[in-house]
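Structure record follows, encoded as structure tokens.
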Amino acid sequence: MIKDRAFVFIIIYALLYFIFLKILPVTVGAITLAFFFVFIIDAMSSILMRVFKMKRGLSVTLSSVAFFGILSYSIYGIFPIIFTEGKEIFKFVINTANKPIQEIFPGLEGKSLKIFETFLDRLSIWLGDTFEKVVSYIVGKIPDALTASILLLIASSYISYILPKLGTIVDHAFPKETLPRTKRFLKNVYEDLRKFTASRIVTAFLVGVIVGAGFKIMGMKHSLFLGILSGLTDFIPYLGVVIVSIPALFIAFTSKGLWGIIGVLIVLTVANQLETWIFIPKMMGDKLNINWFIVLIGIIAFGELYGVLGVLMAVPYLVFFKDFWLEYVDEILHKNIT
């Protein structure tokens, strides 16, 4: 029999949250991201307080301005670059398509030439269809994105304001006799999430520096922007490197050609491998104590259920589940065994 009724309340609240996240993805997703942003700002603030001995009010303000400034710069900066470099690629494709294939590839003839012509025709049809679908998807998501952005800013500001008062909310959400243990559990979750977020901030900074410096050495345009974008998207497991690679490959192709593409792939691979094998193990160590395979499965599962938000929030969710298991489930299993 379950003696601590908080166990049941936590499960009910968690189930309600995931149900509403599925039903109202924009609203609940924006609030979820707001909490994630507050953790990032809080972790940045703690770093400033520790390194520069700042007061909390000033460190929170500077961290908020820096974080949302970098976020806005990355969001509004990526589209002009993609469109500008995309036009250059489009011009290159058109100019190439207007030339005879024998002129571009003089060694092709006979059956090989016919196969290659068929391949190019199908490729052009596929590219056209894909471009149309991508544009339609982006246009269709703009209203939701604007709504979520406004809600996200409001929610982030409000959550930052009420963060010190969350303890009083807990008092009204759980049975009175369970409050000491419940607050201890929630404090453990909060501290683990802070450790995770602080580690991710340092890791993202190092990845951004490596990518930005690597592209600068290559002589690529927009190397500073790509470094910032790489650091920001590093918070999204596995998908972050894909996001930054799109504008990077566009720029590399238009300015450096094939060798530029190879250089971009080398820089991103080096940054990714350093993060995977050195930065993450060193920064996080055994603080979270979650097996890498469980993390991978969790990212895939949450990605299937909730899209990009699920991928972004998978590890924080797993941190919560781990602490819940250790605090409540382990006790129940141990009692059943003994």
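The values are calculated or read from the model by the stated rules, or taken from the named source; none is laboratory data. Everything quoted here is computed from the prediction, not taken from an experiment. Because the Cβ atoms are built from the backbone with ideal geometry, glycine has one as well, and the counts that use them run over all protein chains shown. Note: areas computed on protein heavy atoms with side chains; ligands, DNA, RNA excluded. Shrake-Rupley method; radii C 1.70, N 1.55, O 1.52, S 1.80 Å.
Which FRET efficiency value, to the nearest 0.05, do you get for K176 and S149 by plugging their Cβ-Cβ distance into 1/(1 + (r/R0)^6) with R0 = 45 Å?
Values: r = 40 Å, r/R0 = 0.88.
With a Förster radius of 45 Å, E is 0.70.
Averaged per residue, what accessible area in Å² does the stretch 188-338 show with a 1.4 Å probe, protein chains only?
Details: 7820 Å² over 151 residues.
Per residue, the stretch 188-338 has an accessible area of 52 Å².
I need the peptides 37-44, 7-14 ranked by packing, meaning the mean over residues of other C-beta atoms within 10 angstrom, with the highest value on top. Present the calculation step by step, with values, prior to reporting the outcome.
Numbers: 37-44: 21.5, 7-14: 14.6.
Sorting 37-44, 7-14 by mean packing, highest first, produces 37-44, 7-14.
Using a 1.4 Å probe over the heavy atoms of the protein chains, calculate the carbon and sulfur portion of the accessible area of the stretch 171-252 as a whole percent.
On the way: 2620 of 3730 Å².
The C+S portion of the solvent-accessible surface of the stretch 171-252 is 70 percent.
What is the local net charge at I40, summed over the other residues whose Cβ is closer than 11 Å to its Cβ (Lys, Arg +1; Asp, Glu -1)?
Working: positive: R194, R200; negative: D42.
Cβ neighbours under 11 Å give a net charge of +1.
Given K133/K221; K3/K165; K53/K195; K216/K256; K91/K111, which pairs have Cα atoms separated by over 23 Å?
Details: K133/K221 29 Å; K3/K165 28 Å; K53/K195 19 Å; K216/K256 13 Å; K91/K111 29 Å.
The pairs that break the limit, which is 23 Å between Cα atoms, are K133/K221; K3/K165; K91/K111.
With +1 on the Cβ of every Lys and Arg and -1 on the Cβ of every Asp and Glu, and nothing else charged, how large is the dipole of the stretch 205-326 about its Cα centre, in debye rounded to the nearest 20? List each step's numbers first, then the result.
On the way: 6 positive and 5 negative charges, 75 e Å.
That gives the stretch 205-326 a dipole magnitude of about 360 debye.
So, by mean Cβ neighbours within 10 angstrom, what's the order for 243-250, 271-278 with the highest one leading?
Ranked by mean Cβ neighbours within 10 Å, highest first: 243-250, 271-278.
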